[in-house]
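Trainee: Okay, handing you the structure first.
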Amino acid sequence: MTTTPKPNALAWLLLSAVVIVFDQLSKLWALSALQPGVPHPVVPGLLNWTLAFNTGAAFSFLAGAVEGWQRWFFVALAVAISAVLAGWLWRTPRRDWRTAAPVALVIGGALGNLIDRLHAAQVTDFIHVHYYDAWNYPVFNLADCAITVGAVLLVAFGLLAGRPAGGVR
């Protein structure tokens, strides 16, 4: 007796593709509409479009490293992480959206920034959240948002796994 394998979650890579497309289109817009370092208020005192470039990782980690080796380190890291996560999707049932959607978001974000690194040796950022002059968050992009939301959802869904409906044990 043979059993038909259940469909895996690789179809969720379509969400990754959507993230990549929106990320790249938003970066093309930022490159054509903004000047580096010049803030354009969207919500005064809270949100600006400010074009910036990052040769490092989150919060410009390793951005100042000499020789540019960090570019290839982050390229290799993005490829490795995306491959591991794609393997996770392959082993995940398609109906398990609480695993598949966050993993697909992380893959899409990682590959969106990977495209920048391969094309320009730097990541294009333009979303600047701040509170007037009192607080500034580092400038980021849609790929960064997808990675962050995906990671937070993975943790949240992981912590909530196995809890009965209503959240009471």
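Just so you know, all these numbers are worked out from the coordinates, no wet-lab data involved. Since this is a predicted model, take the numbers as computed values, not measurements. Methodologically, a virtual Cβ is constructed for each residue, glycine included, from the backbone with ideal geometry; neighbour enumeration extends over all protein chains shown.
Trainee: What shape does region 100-148 take by its C-alpha gyration tensor, where a ≥ b ≥ c are the square roots of the eigenvalues and a/c under 1.5 counts as rounded, a/b above b/c as prolate, and the rest as oblate?
Mentor: Since a/c reaches 1.5 but b/c is at least a/b, the shape of region 100-148 is classed as oblate.
Trainee: Specify, per residue and in Å³, the volume enclosed by the convex hull of the alpha carbon atoms belonging to region 76-169.
Mentor: Enclosed volume per residue, from the Cα hull, is 135 Å³.
Trainee: Also: Calculate for the chain the 222 nm mean residue ellipticity that helices alone would give, adding -39,500 (n - 2.57) per DSSP H run of length 4 or more and normalising by residue count, nearest 500 deg cm²/dmol.
Mentor: After summing the helix terms and dividing by the residues of the chain, the value is -18000 deg cm²/dmol.
Trainee: Could you work out how much longer the chain between Thr148 and Arg91 gets when fully extended? Use 0.36 nm per residue separation minus the Cα distance between them, nm to one decimal.
Mentor: Between Thr148 and Arg91, full extension yields an extra 18.3 nm.
Trainee: Please state the shape class of the chain: rounded when a/c is under 1.5, otherwise prolate if a/b exceeds b/c and oblate if not, all from the C-alpha gyration tensor.
Mentor: Note, shape of the chain comes out prolate.
Trainee: Moving on to the next point. So for Leu77, Leu51, fewest C-beta neighbours within 10 Å to most, what's the order?
Mentor: With the sparsest Cβ surroundings first, the list reads Leu77, Leu51.
Trainee: Just subtract the alpha-carbon distance of Val155 and Val38 from 0.36 nm times their residue separation and send over the number in nm, one decimal.
Mentor: Once the chain is fully extended between Val155 and Val38, it gains 38.5 nm.
Trainee: When the dipole is taken about the Cα centre of the chain, and only Lys, Arg (+1) and Asp, Glu (-1) are charged at their Cβ, what size is it in debye, to the nearest 20?
Mentor: Using only the charged Cβ atoms, the result is roughly 820 debye.
Trainee: Over the chain, what is the mean sequence separation of C-alpha contacts under 8 Å (at least six apart), divided by residue count, expressed as relative contact order in percent?
Mentor: It rounds to 31 percent for the chain.
Trainee: Within a 10 angstrom radius of the beta carbon, how do Trp72, Trp12 rank from fewest other beta carbons to most?
Mentor: In increasing order of surrounding Cβ atoms, one gets Trp72, Trp12.
Trainee: Long-range amide H contacts for Thr55: which residues qualify at under 5 Å (H placed 1.01 Å from N, peptide plane, sequence gap of 5 or more or a different chain)?
Mentor: Under 5 Å from the amide H of Thr55 lie the amide H atoms of Val123, each far enough along the sequence or on another chain.
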